[in-house]
Amino acid sequence: MKILAALVLIVLLAVAAAAGYLWYCIEKPYGSIPAEGVYVDIPHGSSQRAVARLLQNSGVIRNSVAFELYARRHPKRLLEAGEYLFDHPLTGKEVFWKLANGEVYQNPFTVREGETIFDIAHDLEAAKYMTADDFLKAAQDPMLIKDLFPEAKTLEGFLFPATYNLPKHTTPADLAAMMVRKFREALLNVMPDRGKAADPAASLGSVVTLASLVERETPKPGERLLVAGVFTNRLNKDMPLQCDPTVIYALEQDGRYKGTLTLKDLRIDSPYNTYVYRGLPPGPIGNPGEVALRAAAHPAETDFLYFVANTQGGHFFAATLAEHNKNVAKYHRLLNGEPAEPPPVEAHHTHAAGAARKGSKGKR
């Protein structure tokens, strides 16, 4: 009897020890995580047992059996596939909920409004996501947008400005596809019929190209409708657009832009030079956001034909060349630190005439 009691006690102690160990495995942090962290890729369709073994082999959890038992206690929570980063020791329970909540590793990357494919490529390389050349190779393949813009030579204009959460091994093609997909979503907000603007004859390619000019011309969302209206008026009157950013884009394509435009630059022979060639350039010169797209699709109805910078980030608008020349003079006065408007000429003449009359009276 004593032997049986001793055996039962031993079994109970063993069960208690095992239970205590399993509790310890789940409740206490485990692992010595290196400075660069540990990345674990959970394949789609993996069983709880397979995931538990993968986590143990990666040094993220202490015991796969304890993890699997804990997972079975939550049968309604699935372990999400994807790549996970572990940058500090976690408890087995924390690891389970990290996977159950799908907290996959993602690194944010932001495309700013108006950036070109060359800007994006440079930023990606600087952030060490991928090489600029690899991204440009993907961005210069227009197949993703042939249904939207058959004449497209690249994806320029269709890589939507937004913040993208990138998995660790995102390929250039995957990223380009994400950006185009985001563009299509924005396009449905701007033009639900996906290609018709205020002018039924306007193609989607023309709208996106105009939007890219608007985006590069003004940083102020409130001005974009007016800028789009000015360009639309000039197009309708067969006036050259004379848009500096198009010339800059032409120079950037050849690696010749030095940061400022010269009179010689304004004469270069390029289809993107809107000083030399009338009409829109052959394609977008950057990637516009939703506000610019909306402005290009439905530009303001205005008489304005000209605009010039006002030194405050915005512009002075004019309907006639004479008004525009006055605004240009105003711009140069502001650059020189002078008041926008010159002193009233009449007041100066009146003062001079009064002084003359006083002088005459004194002589008499």
Note on segment 107-190: contact order normalised by length, alpha-carbon pairs under 8 Å, 6 or more apart, percent, works out to 36
Note on the chain: contact order normalised by length, alpha-carbon pairs under 8 Å, 6 or more apart, percent, works out to 13
With a ≥ b ≥ c from the Cα gyration tensor eigenvalues, square-rooted, and the rule rounded for a/c under 1.5, otherwise prolate when a/b > b/c and oblate otherwise, segment 166-270 is oblate
Candidate cut points under trypsin sites (Lys or Arg not before Pro) in segment 144-247, DSSP loop plus at most 11 other Cβ atoms within 10 Å of their own Cβ, are LYS146, LYS153, LYS237
Computed ³J(HN,Hα) along segment 84-91: with the Karplus parameters 6.51/-1.76/1.60, θ = phi - 60°, integer Hz and x for glycine or proline, the list is 10, 10, 10, 10, 7, x, 10, 6
Whole-Å distance linking the alpha carbon centroid of segment 266-291 with that of segment 103-134 is 24
Projected onto the charge dipole of the chain (unit charges on the beta-carbon of Lys, Arg, Asp and Glu, signs +1, +1, -1, -1), the Cα from ALA100, TRP23, THR171 with the largest positive-side position is that of TRP23
Per the helix-only model, the chain has a calculated mean residue ellipticity at 222 nm (DSSP H runs of ≥4, -39500 (n - 2.57) each, divided over all residues, rounded to the nearest 500) of -15000 deg cm²/dmol
Under the 7 Å Cα-to-Cβ spin-label approximation, GLU80 and VAL328 lie apart by a distance in nanometres of 5.7
Going through LYS146/LYS182; LYS28/LYS93; LYS98/LYS168; LYS28/LYS98; LYS153/LYS237 one by one, the pairs whose alpha carbons sit over 19 Å apart turn out to be LYS153/LYS237
Residues whose built amide H sits under 5 Å from the amide H of GLY102, excluding neighbours closer than 5 in sequence, are GLU80
Of 136-144, 101-109, 257-265, ordering from highest average Cβ density within 10 Å down gives 136-144, 101-109, 257-265
Note on segment 49-108: alpha-carbon gyration tensor, axes a ≥ b ≥ c; rule is a/c under 1.5 for rounded, else prolate if a/b larger than b/c, else oblate; result oblate
Going residue by residue through segment 27-32, the Karplus relation 6.51 cos²θ - 1.76 cosθ + 1.60 with θ = phi - 60° gives ³J(HN,Hα) values, rounded to whole Hz and with x marking Gly or Pro, of 9, 10, x, 9, x, 10
Rounded to 0.05, the calculated FRET efficiency for the beta carbons of SER46 and TYR257 at R₀ = 56 Å is 0.65
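Readers should treat all values here as calculations from the given coordinates under stated rules, not as data from a laboratory. Predicted model only: the values in this text are computed from it and were never measured. All Cβ positions, glycine included, derive from the backbone under ideal geometry; neighbour counts span all protein chains shown.
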